[in-house]
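What follows draws every value from the coordinates through simple rules; no lab data is involved. Values in this document were obtained by computation on a predicted structure and should not be read as measured data. In this analysis, Cβ positions are derived from the backbone assuming ideal geometry, glycine residues included, and neighbour counts consider all displayed protein chains.
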Amino acid sequence: MAKDPRLKRAGVTGFNKPKRTPNHPKKSHIVVAKEGDKVKTIRYGQQGAKTAGKPKAGESDRMKKKRKSFKARHAKNIAKGKMSAAYWANRSKW
């Protein structure tokens with residue numbers, strides 16, 4: 001089976017594998033999402049944004065609140081699954 005040209009264009013190794021895009025003017029990550037037969041290239045995340053990242057030991061209350069607020073604010077969009085930017089932002093940035 002030939003490799004999908006969208007993977008090469010996005011510069012990712014496979015479907016559903018997010019990658020940072022430090023040289024993109026606006027978006028910080030890209031992923032070629034695949035669900036069933038549907039394939040979609042998604043760019044997400046604000047370039048240079050100070051996100052909470054993954055929970056760390058000794059994390060400040062401010063960062064915990066920041067993460068909780070993001071998840072609450074975008075819960076409806078995160079629930080849409082792999083074909084939404086919010087799902088990928090939740091996985092890789094928050």
(request) For residue 34, go through the lysines and keep the ones whose alpha-carbon is under 25 Å away, minus same-chain ones fewer than eight residues off. (result) 3, 8, 17, 19, 26, 54, 71, 76, 80, 82, 93
(message) If the only charges are +1 at each Lys and Arg Cβ and -1 at each Asp and Glu Cβ, what is the size of the charge dipole of the chain around the Cα centre, to the nearest 20 debye?
(response) 260
(request) Quickly rank 32-39, 58-65 as a protection proxy: mean count of other C-beta atoms within 10 Å, highest first. (result) 32-39, 58-65
(request) Take 67, 20, 43 and order them by how many other Cβ atoms sit within 10 Å, fewest up front. (result) 20, 43, 67
(request) In square nanometres and to one decimal, what's the mean projected area of the convex hull around the Cα atoms of the chain? (result) 7.0
(request) Using only Cα atoms, tell me the angle between helix 61-73 and the longest principal axis of the chain; keep it within 0 to 90° and round to the nearest 10. (result) 50
